[in-house]
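Scroll down for the structure; my scribbles are underneath it.
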Amino acid sequence: MKYTSQSVALPYFVAAIGLFVGQIVFGLAMGLQYIVGDFLFPEIPFNVARMVHTNLLIVWLLFGFMGAAYYLIPEETETELYSPKLALLMFWIFLIAGAATILGYLLVDYNTLAEYTGNNILATMGREFLEQPLLTKIGIVIVALAFLFNISMTMLKGRKTVISIVMLLGLWGLAVFFLFSFYNPGNLVKDKFYWWWVVHLWVEGVWELIMAAMLAFVLIKVTGVDREVIEKWLYVIITLALVTGLIGTGHHYFWIGTPGYWQWWGSVFSALEPIPFFAMTVFAFNMVNRRRREHPNKAAVLWALGTGVMAFLGAGVWGFLHTLAPVNFYTHGSQITAAHGHMAFYGAYVLVVLTMISYAMPLLRGRAANGQRAQVCEMWAFWLMTISMVFITLFLTAAGILQVWLQRVSDTPMPFMQVQDQITLFYWMRLWAGVVFAVGLVTYVVSFFVKGESKPLITP
């Protein structure tokens, strides 16, 4: 590490990986519940398992983003973090609040939880991905404001770079758009309209800025390519991402009661959304091919390249498959949507956080890179998780195509539950692919403890 305050990133990264493990455990439980409907019932019903699975995904990625910011901002600004103590305090508040919320989901009836946490004062609960109690949402805002104050003050006193500015814009956008989670109008169309201002404008808007900044930072470090070259690519990528992503929100407005013009706006700009992800893939490979040095952390390079490819496939290709209104008319809400969601989140955000952790964790532990054995173990983890995610996506896509045909296109449409019986085989295959993914994640965790000669840290 160049700056001692970067060490505050370590607990954020450790918590992120721990919560990631929890997310996959509940994902496997849900995969089995698709097949054995009463598995863990009534202790953990499907709706609760799903709520925990998705909330853990969001929270561990936020921990990853915050840890990444605390690591890269001091290096980019060439100054110590404004307040390491504040960063550590917010870490514990966020972790305890998150753990208490998950325990609340698991141990308390959701209606009772809503009653005890002030939902009668300001009703914000009950919406997908935003199920958090009012008290938790307020806690998230407090943590986010303290975090942004810390990062912003650090930037004000130090050097300003394109990477740090893009990262800060993305983080501020994340916080601002989360405020719409407190707005819950009685009109269902308005509710869904503004609900997407959190969900879509996070994952297909401001999160993409954070992702691009993190990827650019790691590529500068592992390739030695001139900062000016990488920053020019970064300008292009974020411009394309914002232009297509912001207006592309319209692909969520097709069938919720909004004006018909959204079918055109949503279709046209959503069809352009794969372009920034393709540019990101070209960017990553181009920078690695032009590298001026062989960095000892080969695993971090692999994660970075994987981010570009998988983000393009998941968010770009699989998003495009069902984003045009005439196609989405039949496919929305089917397993095709689930296929896109799984690969897009994995490719765009899971992999970029793991890229950052792979690069920074050895440095946080006092070495330039892990030993050969640890890196081989980590690369095995990458391939196990990535290949299994490809198969999960393919199995869900096949299930979705059959579902759409039997339920919505056929001359004799079948009821929903009968269709689910017909696609059970794909759910079994998805479950076994999920088991392989879990093995890959365990392998990744094990790589942190593999002994072997490591590359020494040389302080410039």
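The values are calculated or read from the model by the stated rules, or taken from the named source; none is laboratory data. Note that the structure is a prediction, hence the values are computed from the model and not measured. Cβ sites come from the backbone with ideal geometry, for glycine too, and all protein chains shown count toward neighbours. Surface areas here come from the heavy atoms of the whole protein model, side chains and all, with no ligands, DNA or RNA. Shrake-Rupley method; radii C 1.70, N 1.55, O 1.52, S 1.80 Å.
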Task: Matching helices (runs of 4 or more DSSP H) fully within the stretch 80-183 where at least 3 residues are more than 21 Å from Leu56 (Cα to Cα) and open to solvent by less than 20 Å² (accessible area, probe 1.4 Å) - done: 134-156, 162-178
Open item on the list: Among the residues in the stretch 69-89, are any farther than 30 Å from Ile392 by Cα and free of Cβ contacts under 8 Å to residues at least 60 places away in the same chain?
Closed with: yes
- [ ] Output the residues belonging to the stretch 69-79 that are among the hydroxyl-bearing types (Ser, Thr, Tyr) and assigned to a loop (DSSP other than H, G, I, E, B).
- [x] Thr79
- [ ] Only residues that are open to solvent by 50 Å² or more (accessible area, probe 1.4 Å) and either in a helix (DSSP H, G or I) or farther than 22 Å from Phe217 by Cβ (or both): list them for the stretch 290-308, please.
- [x] Lys298
Open item on the list: Name the single residue that is modelled with the highest pLDDT among those in the stretch 370-384 being small (Gly, Ala, Ser) and in contact with a Phe, Trp or Tyr (Cβ under 9 Å, 6 or more places away or on another chain).
Closed with: Ala381
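Pick out the one residue from Val206, Val199, Val218, Val236 that is in contact (Cβ under 8 Å) with a residue 24 or more places away in the chain and open to solvent by 50 Å² or more (accessible area, probe 1.4 Å).
Working: Val206 fails: open to solvent by 50 Å² or more (accessible area, probe 1.4 Å); Val199 fails: open to solvent by 50 Å² or more (accessible area, probe 1.4 Å); Val218 fails: open to solvent by 50 Å² or more (accessible area, probe 1.4 Å).
So the residue among Val206, Val199, Val218, Val236 that is in contact (Cβ under 8 Å) with a residue 24 or more places away in the chain and open to solvent by 50 Å² or more (accessible area, probe 1.4 Å) is Val236.
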Open item on the list: Looking at Val419, Val350, Val404, Val409, can you tell me which residue is in contact with a helix residue (DSSP H, G or I) (Cβ under 8 Å, 6 or more places away or on another chain), of a type outside the set (Phe, Trp, Tyr) and free of Cβ contacts under 8 Å to residues at least 60 places away in the same chain?
Closed with: Val419
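So in the stretch 315-335, with the set limited to residues that are assigned to a helix (DSSP H, G or I) and under 18 Å from Thr54 (Cβ atoms), which one is nearest to the chain's Cα centre (by Cα)? Before you say what the answer is, go through the steps one by one.
Within the stretch 315-335, the first condition is being assigned to a helix (DSSP H, G or I), and the residues that meet it are 315-321, 325-331, 335.
Filter once more, keeping what is under 18 Å from Thr54 (Cβ atoms): 315, 335.
Working: Ala315: 11, Gln335: 19 Å.
Checked the stretch 315-335; the qualifying residue nearest to the chain's Cα centre (by Cα) is Ala315.
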- [ ] Kindly indicate whether any position in the stretch 441-452 is surrounded by 17 or more Cβ atoms within 10 Å (Cβ to Cβ), touching a strand residue (DSSP E or B) at 6+ places or on another chain (Cβ under 9 Å) and closer than 24 Å to Met66 by Cβ.
- [x] no
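Taking the stretch 265-289 as the region of interest, how many residues are within 20 Å of Thr331 (Cα to Cα), of a type in the set (Gly, Ala, Ser) and surrounded by fewer than 23 Cβ atoms within 10 Å (Cβ to Cβ)?
Step one: list which residues in the stretch 265-289 are within 20 Å of Thr331 (Cα to Cα), which gives 265-274.
Filter once more, keeping what is of a type in the set (Gly, Ala, Ser): 266-267, 270-271.
Still in the running and surrounded by fewer than 23 Cβ atoms within 10 Å (Cβ to Cβ): 267, 271.
Counting residues in the stretch 265-289 that are within 20 Å of Thr331 (Cα to Cα), of a type in the set (Gly, Ala, Ser) and surrounded by fewer than 23 Cβ atoms within 10 Å (Cβ to Cβ) gives 2.
What number of residues in the stretch 248-264 are assigned to a helix (DSSP H, G or I), of a type outside the set (Gly, Ala, Ser) and crowded, with 17+ Cβ neighbours inside 10 Å? Before you say what the answer is, go through the steps one by one.
Initially, the stretch 248-264 is screened for residues assigned to a helix (DSSP H, G or I), giving 248-252, 261-264.
Then drop every residue that is not of a type outside the set (Gly, Ala, Ser), which leaves 249, 251-252, 261-264.
Next, from what is left, pick out any that are crowded, with 17+ Cβ neighbours inside 10 Å: 249, 251-252, 262-263.
The number of residues fulfilling the criteria is 5.
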Open item on the list: Can you go through Ile357, Ile387 and tell me which one is at pLDDT 95 or above and surrounded by fewer than 18 Cβ atoms within 10 Å (Cβ to Cβ)?
Closed with: Ile387
TODO: Looking only at the stretch 53-63, decide whether some residue is surrounded by fewer than 21 Cβ atoms within 10 Å (Cβ to Cβ), modelled with pLDDT of 95 or more and more than 25 Å from Phe395 (Cα to Cα).
DONE: no
- [ ] Kindly provide the set of residues from the stretch 1-13 that are touching a Gly at 6+ places or on another chain (Cβ under 9 Å), part of a helix (DSSP H, G or I) and not aromatic (Phe, Trp, Tyr), ordered by number.
- [x] Val8, Ala9, Leu10, Pro11
Open item on the list: Just to be sure I understand the filter: pairs with C-beta atoms under 6 Å, separated by 6 or more residues or on different chains, first member in the stretch 250-263 and β-branched (Val, Ile, Thr), second member open to solvent by 40 Å² or more (accessible area, probe 1.4 Å). Which pairs pass?
Closed with: Ile256/Val189; Ile256/Lys192
Open item on the list: assigned to a helix (DSSP H, G or I), open to solvent by 20 Å² or more (accessible area, probe 1.4 Å), free of Cβ contacts under 8 Å to residues at least 12 places away in the same chain and farther than 26 Å from Leu57 by Cβ: is that true of Trp432 in this structure?
Closed with: no
Task: Qualifying positions in the stretch 31-75 - more than 30 Å from Trp428 (Cβ to Cβ) and within 23 Å of the chain's Cα centre (by Cα) - done: Leu62, Phe63, Gly64, Phe65, Met66, Gly67, Ala68, Ala69, Tyr70, Tyr71, Leu72, Ile73
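Against the definition (within 19 Å of Gln33 (Cα to Cα), touching a residue at least 12 places away in the same chain (Cβ under 8 Å) and open to solvent by less than 70 Å² (accessible area, probe 1.4 Å)), how does Thr424 come out, yes or no? Step through it out loud before you land on a result.
Working: within 19 Å of Gln33 (Cα to Cα): yes; touching a residue at least 12 places away in the same chain (Cβ under 8 Å): yes; open to solvent by less than 70 Å² (accessible area, probe 1.4 Å): yes.
Yes: the conditions hold for Thr424.
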